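Worksheet: one structure, shown below.
The values are calculated or read from the model by the stated rules, or taken from the named source; none is laboratory data. From a predicted model like this one, the values you see are computed outputs, not experimental measurements. Please note: Cβ atoms are built from the backbone with ideal geometry, for glycine as well, and neighbour counts cover all protein chains shown.
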Amino acid sequence: MSRVVVVGGGLAGITAALDLARPGTEVMLLEARPRLGGAAYSIERDGLVVDNGQHVFLRCCDQYRALLDRLAVTADTTLQERLDIPMIAPGRRRARLRRDGLPAPLHLARSLLGLGLVSPADRARAAVAMLRLRAIDPDDPAADARSFGGWLDAQRQSPAAIEALWRLITVATLNLEPRDASLAQAAYVFQTGLLRDAAAGDIGWSRVPLSELHDGPARRALADAGAEVHVGARVQEISARTPGGGFEVRTADGPIDADAVVLAVQSQRAGGLLPAGALADPTAPERLGASSILNLHVHYDRRVLDAPFVAAIDSPVSWIFDRTASARATDGQVLALSLSAADEIEHLDVDALRDRFLPALTELLPAAREAQVQRFLVHREHHATFRAAPGSRALRPGPVTALPGFVLAGAWTDTGWPATMEGAVRSGHAAAAALAPALATPPMVTA
């Protein structure tokens with residue numbers, strides 16, 4: 001019987017372990033934290049259950065949605081019938097970015113042409129730029145080396161159009177400002193989510209705390225599949241055994257022998273766990289860098305938002321989600337403010353954040369002016385995602401390494417996707433498939 005050790009219990013590690021668990025293979029998953037789910041989890045704070053960040057998925061995230069099916073939790077999520085993003089700005093009428101029944105890319109044309117938050121000339125230029133973005137090859141190294149913001153400037157996109165259209169999507173999906181993002185990665189996001197399939201960009205989200213969506217259900221699915229799960233098990237070192245092959249995975253409780261290993265941890269930690277000779281450039285994962293996300297949870301004594309979520313422009317606020325039910329609040333309304341690309345504000349103290357964002361909320365939501373704030377909670381993810389900056393594609397390895405039986409997984413690996421739940425799940429499938437030559441029988445990928 002072959003033993004595979006999966007190091008890391010995020011979505012990538014969960015997916016790889018589920019794919020690999022089958023007769024003839026012993027799968028052991030080791031997770032340093034006390035829970036599974038990786039970068040998508042929830043915690044209890046001051047009587048509320050809050051997510052570490054507002055994670056969403058799109059209809060085109062077919063692999064992540066298949067994982068939800070496998071975990072039997074799809075019913076705990078919501079998926080829009082049609083893309084519909086309410087957009088608000090201080091002192092201005094609400095607008096909507098939504099699709100109609102036309103095929104892509106015409107499905108957004110009517111909405112874009114009627115978007116009152118930008119001028120008619122800006123809307124026309126944005127439509128032309130959208131068509132040109134369809135022609136960008138996301139696999140072209142020259143496109144990866146170029147800044148998306150620089151490309152937008154070359155397309156004569158005004159600051160107003162960038163704020164209302166391009167930044168809205170880029171910051172939410174790449175966790176970077178357009179000027180800091182790779183053109184190739186931005187093109188991939190817009191092409192996959194908005195420009196090729198009319199239904200691809202419909203937005204989905206969890207109706208329950210993220211740990212209820214991922215942690216418990218994953219443990220049950222892994223147990224049913226015959227995999228062994230250890231939480232609170234931090235791996236200190238992984239080394240290749242010679243002669244005879246195989247690996248030694250060392251934890252605080254001692255060494256574990258393995259015939260194969262899936263390393264499915266964040267890029268900032270991966271480099272320190274790579275066995276000698278695994279990658280030609282073992283510094284590449286860390287050199288990807290990281291972008292932060294700041295999450296604010298505001299509990300009002302009454303309802304102040306009349307939609308499941310809204311996107312804000314011309315404001316320090318970006319996206320606002322109603323998380324009252326999932327937070328288990330018994331009164332009022334709990335709003336989650338997801339502030340991506342937060343490197344410049346992530347170190348502000350709680351009082352400074354209150355002073356900045358509560359007035360911004362009252363400018364956006366008139367009902368908040370008379371409401372009382374009962375709780376104001378801050379959650380910081382300093383290394384939320386890798387940086388999809390110009391040139392980053394060259395630093396993202398695929399699943400296969402130079403060591404047979406040692407493979408990589410994680411949203412930072414070269415899946416083509418940015419740092420998303422979909423990218424993480426796809427990397428787990430790829431890692432499991434890459435181990436086929438090292439195991440007695442190929443992995444049974446179900447998605």
Hits in the range 406-447 (condition: modelled with pLDDT of 95 or more, part of a helix (DSSP H, G or I) and of a type outside the set (A, V, I, L, M, F, W, C)):
Glu422, Gly423, Arg426, Ser427, Gly428, His429
May I ask you to say which residue of Asp180, Asp122, Asp197, Asp144 is surrounded by 15 or more Cβ atoms within 10 Å (Cβ to Cβ), in contact (Cβ under 8 Å) with a residue 24 or more places away in the chain and more than 26 Å from the chain's Cα centre (by Cα)?
Asp122
Does the range 207-262 hold any residues that are β-branched (Val, Ile, Thr) and within 22 Å of Arg22 (Cα to Cα), and which are they?
Val229, Val231, Val249, Ile256, Val261, Val262
Just for the range 112-161: of the residues that are farther than 16 Å from Leu183 by Cα and outside any helix (DSSP H, G or I), which one is modelled with the highest pLDDT?
Ser158
Looking only at strands (runs of 3 or more DSSP E) that lie completely in the range 219-320, which have at least 2 residues being closer than 29 Å to His429 by Cβ and touching a Ser or Thr at 6+ places or on another chain (Cβ under 8 Å)?
235-240, 247-251, 290-300
Could you please give the count of residues in the range 321-339 that are on the phi < 0 side of the Ramachandran plot and part of a loop (DSSP other than H, G, I, E, B)?
8
Tally the residues that are touching a strand residue (DSSP E or B) at 6+ places or on another chain (Cβ under 6 Å) and surrounded by fewer than 16 Cβ atoms within 10 Å (Cβ to Cβ), restricting the search to the range 346-367.
1
